[in-house]
1. Quick check on Lys29: is it out of contact with any Lys or Arg (no Cβ under 9 Å at 6 or more places or on another chain) and open to solvent by 60 Å² or more (accessible area, probe 1.4 Å)?
2. For region 106-126, what are the residues that are open to solvent by less than 40 Å² (accessible area, probe 1.4 Å) and closer than 13 Å to Ile160 by Cα?
3. Applying the selection to region 207-229, what residues are of a type outside the set (Ser, Thr, Tyr) and more than 20 Å from Pro249 (Cβ to Cβ)?
4. List pairs: first residue in region 250-275 and free of Cβ contacts under 8 Å to residues at least 12 places away in the same chain, second residue surrounded by 20 or more Cβ atoms within 10 Å (Cβ to Cβ) and hydrophobic (A, V, I, L, M, F, W, C) anywhere in the structure, Cβ distance under 8 angstrom, at least six positions apart or on different chains.
5. On the basis of being in contact with a helix residue (DSSP H, G or I) (Cβ under 8 Å, 6 or more places away or on another chain), more than 22 Å from Ser307 (Cα to Cα), of a type in the set (S, T, N, Q) and outside any loop (DSSP other than H, G, I, E, B), does Ser250 make the cut?
6. If we scan region 450-472, do we find a residue that is under 20 Å from Met513 (Cβ atoms), at pLDDT below 95 and either open to solvent by 20 Å² or more (accessible area, probe 1.4 Å) or not hydrophobic (A, V, I, L, M, F, W, C) (or both)?
Amino acid sequence: MQCQEFDINAAEGVRLLSEINLGGQIFPKGHALTQEDIILFKMFNIRRIKGALMDDSDIDAPTALGIVAAKLCGSNTAFNIDKEGHCQIVSLNKGILMTSSERLSKFNRLHEDFVLNTLEPYSLVEPNQVVAKLEMRMPIIAQAEVDEIIFKLSGNTSLIEVSKVESRRSALIYAKLTGDDAETELFTAAVKNLVTLTSGLELDFDKEYNASYTVESVADEIEQAMRSSHEICFVLPALPSAGRQDVVPSALAQIVDEIACSYLPVLSASDFFVAQKRNHKIICLPHNYGRIHSSLLNETIKQAIFSEKLHAQDFSHLQIPVFKETNILAEDDQKALIMPKNYGTSGRKANIAAIVLAAGQGRRAGRNKLMADIGDNKPLFMNAVEAAIRSDASPVFVITGYHADEMQAFLDEVDVNVIYNPAYHAGVRTSIELGLKSVPNFCNGAMIIPADMPNLTAADLNKLIAKFKPDAEKQVVMFSCHGVKSNPIIWSQSLFDKADIVPENAQMRPVFMEHSDYTVLVDIKDRNKLLDVTFAADIASLVPKEQK
């Protein structure tokens, strides 16, 4: 692409960088000038024009927008290009806009020429409503740059989806201190605010529970609500919580799997807690919720309601690119909608998540082997991450621990799910469990990939995925090289509680005998493919000669 100022006499084929109006005739952004256009421009005394000239490897903005939008769009969405050259992403059904603030922010950092704005995440949207707009600043772009964007988006599920609204049994749990009129008024205002927020979201508030303001009583009432099959439990406290040691968070800590959110940066609403126990969500509203009007707080409540699984990472970044006004497409524009190719549980193809284990310390290597530079300023662990992204696995989870901050600088460049394991020093099993807890329910299985296997390629991983049968209840799929079983391994969802990796001394003894009846071995002849970097000499063998 050549972007420069052109003499008007030599501007045939040059594409305009912005819209130009000459005497009522509109020349849109990206328009390629013809000889007739040049004559008109000269009539208006225009002698030089700023524009861009396409090379053979370039594509125009509408084509690039379509390629990127097809990757962004998920279930119940479609897109078109409007008259202003924006790509409109549209909801096909009434439902909830499922997107992530953190991932939206990351997308807008991928390439300076692309800008994505959306409605507020978890908004209730109507059929044919515009939920997002994608803009490209330049009229043309190199195909290679678009390919790079698509690669960086390939490690996760679709960024923009619309989920159908389903009825959810919900309970209100009052943590009472005095029971006086002032306290009743406090609770009434909070419930009124909550009902207004959730109007149209099909929350069925069919039960109220009363607890005294003690750890044991609050915990007992939450457990009672869950035993009564309430999917969403809202806790309304009589007093503000002063950190994790106070009554409400202490009660949560006794019964839940994880407190995903324990703090919200909103004035008078920092005592906000979100937790999960199996398929139950517990949302502890701020003490003053009835008097708080915060879009961030309300969005976070809806995020907790509609996210399938909750993790602390979900609440770590809260910057949201949104636009407030939107519209319903005209009937003619609806006919021009383009349906993206949505990947899901279609046909007989298995949906396999990938979990890259990158949390270990690697003590036997004498240093942090996963951060060893193996060429092109790329650390060793990114080979496994990129192989997972390029494979048919989705979504991709990267479990970090030791030197997590250093790894994050590289992971910020790709759209994967990064999960920090604070217990990484306790062993790889903790990382496996953390990753498996986050795998969506639509996945048939999960592939566990040690990050210290730098020679694996996407094609290798796809061989494992191809052998996985989506209709088999129990399955283990792994590599075998000259009779020795090797990582990576795919575990079916029914076996997640047993999932493990092959120990490094697997060739010394039988492994996984318990699973032999349903284990599928994929033969691989090249031992080097399965190199597991363990010692300093292994790292040295990977470093390019010019770096030694």
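1. No: the conditions fail for Lys29.
2. Within region 106-126, Phe107, Leu116, Thr118, Leu119, Pro121, Tyr122, Ser123, Val125 meet the criteria.
3. Within region 207-229, Lys207, Glu208, Arg227 meet the criteria.
4. Tyr263/Phe272
5. So Ser250 passes the test.
6. Yes: region 450-472 contains one or more residues that are under 20 Å from Met513 (Cβ atoms), at pLDDT below 95 and either open to solvent by 20 Å² or more (accessible area, probe 1.4 Å) or not hydrophobic (A, V, I, L, M, F, W, C) (or both).
Each row is one residue, and each column tells you yes or no for (1) assigned to a strand (DSSP E or B); (2) basic (Lys, Arg); (3) out of contact with any His (no Cβ under 7 Å at 6 or more places or on another chain); (4) modelled with pLDDT under 95.
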position	(1), (2), (3), (4)
Val146	no, no, yes, no
Phe151	no, no, yes, no
Thr157	no, no, yes, yes
Val162	yes, no, yes, no
Val165	no, no, yes, yes
Ala171	yes, no, no, no
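The rows are residues; the columns are (1) under 15 Å from the mean Cα position of the chain (by Cα); (2) open to solvent by 10 Å² or more (accessible area, probe 1.4 Å).
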| site | (1), (2) |
| --- | --- |
| Ala384 | no, no |
| Asp392 | no, yes |
| Asp412 | yes, yes |
| Ile432 | no, no |
| Val439 | yes, no |
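The values are calculated or read from the model by the stated rules, or taken from the named source; none is laboratory data. Predicted model only: the values in this text are computed from it and were never measured. Cβ: placed from backbone, ideal geometry, glycine included. Neighbour counts: every protein chain shown. What goes into the accessible areas is simple: the full protein's heavy atoms, side chains included, and nothing from ligands, DNA or RNA. Shrake-Rupley method; radii C 1.70, N 1.55, O 1.52, S 1.80 Å.
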